[in-house]
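Every read-out reported here was derived from the displayed coordinates using simple, explicitly stated rules and does not represent laboratory data. Here the structure is a predicted model, which means the values were calculated and not measured. Because the Cβ atoms are built from the backbone with ideal geometry, glycine has one as well, and the counts that use them run over all protein chains shown.
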Amino acid sequence: MKKRKITKTKFKKEKINQGSRTEKYLLEQIIRVDHAGEYGATRIYDGQIAIFGKNSKIGQTIQQMADQEKLHIETFEKLIIQNRVRPTALLPIWNIAGYLLGASTALLGKKAAMACTVAVESVIGEHYNKQAKQLGTDQKKLIRTIKKFEKDELEHHDIGLEHDAENTFGYNFLTKIISVGCKTAIAISKKI
Ligand SMILES: [Fe+2]
Ligand SMILES: [Fe+2]
């Protein structure tokens, strides 16, 4: 009888441990993927600003969004250290891919650059929205951060629309391709 009691307690403890391990795993995935995403966003805007120039009107608009992305990435850099999360191994890839995406859409013109912003920020906004719901009540601070960033990303999305993104040639095709690319990058960066 006594033996059975011990086994039960052990089982309960293991279950709790498993629960906290799952939570930790989820938290790590969230921080890793958001860090990767914000890094990619800064590189996209770097690529666009390199083409348009910092002093052009469109360059200044993009710079304002890029400044917010800088705050976002700095926040996740801190969270990576605080929570001892391994960053994605694919940062060098997102470095180049982000920059090329930004520069190539900017080369297609202002509207195409803004269409890129609409596509990216819509995926990221949705992604943050899902995450805020996934996190437990013990992560109130992170939920607040994610909700604030979601709001910023949706503002960037709206800036894109205000700048005539939808009138770029092949808007639906371009945004679909970018959106699929971003979702794939998100799925990979959670794990690797
Ligand atoms: Fe961001
Ligand atoms: Fe953004």
- Query: In debye, nearest 20: dipole of segment 55-122 around its Cα centre with unit charges on the Cβ of K, R (+) and D, E (-)?
  - Reply: 60 debye
- Query: For segment 48-146, what is the relative contact order in percent, using Cα pairs closer than 8 Å and at least 6 residues apart in sequence?
  - Reply: 26 percent
- Counting pairs of alpha carbon atoms under 8 Å apart in space and at least six apart in sequence, what relative contact order in percent does segment 19-191 give? 29 percent
- Note on the structure: With a ≥ b ≥ c from the Cα gyration tensor eigenvalues, square-rooted, and the rule rounded for a/c under 1.5, otherwise prolate when a/b > b/c and oblate otherwise, segment 134-192 is oblate
- Before rounding to the nearest 500, sum -39500 (n - 2.57) across all DSSP H runs of length at least 4 in the chain and divide by the residue total; then give [θ] at 222 nm in deg cm²/dmol. -30500 deg cm²/dmol
- Would you mind calculating the relative contact order of segment 119-178 from Cα pairs under 8 angstrom and at least 6 residues apart, reporting the percent as a whole number? 47 percent
- Highest first, please rank the peptides 61-70, 23-32, 98-107, 81-90 by the mean number of other Cβ atoms sitting within 10 Å of their residues. 98-107, 61-70, 23-32, 81-90
- Under a point-charge model restricted to the Cβ atoms of Lys and Arg (+1) and Asp and Glu (-1), what is the dipole moment magnitude of segment 19-191 relative to its Cα centre, in debye to the nearest 20? 620 debye
- Shape call for the chain from the C-alpha gyration tensor, a ≥ b ≥ c root eigenvalues: rounded (a/c under 1.5), prolate (a/b greater than b/c) or oblate? prolate
- Query: Shape call for segment 59-98 from the C-alpha gyration tensor, a ≥ b ≥ c root eigenvalues: rounded (a/c under 1.5), prolate (a/b greater than b/c) or oblate?
  - Reply: oblate
- Query: Is any helix in the chain, taking whole DSSP H runs, at least 24 angstrom long along its axis by alpha carbon and on average at least 1.0 on the Kyte-Doolittle scale, and which ones?
  - Reply: 91-108
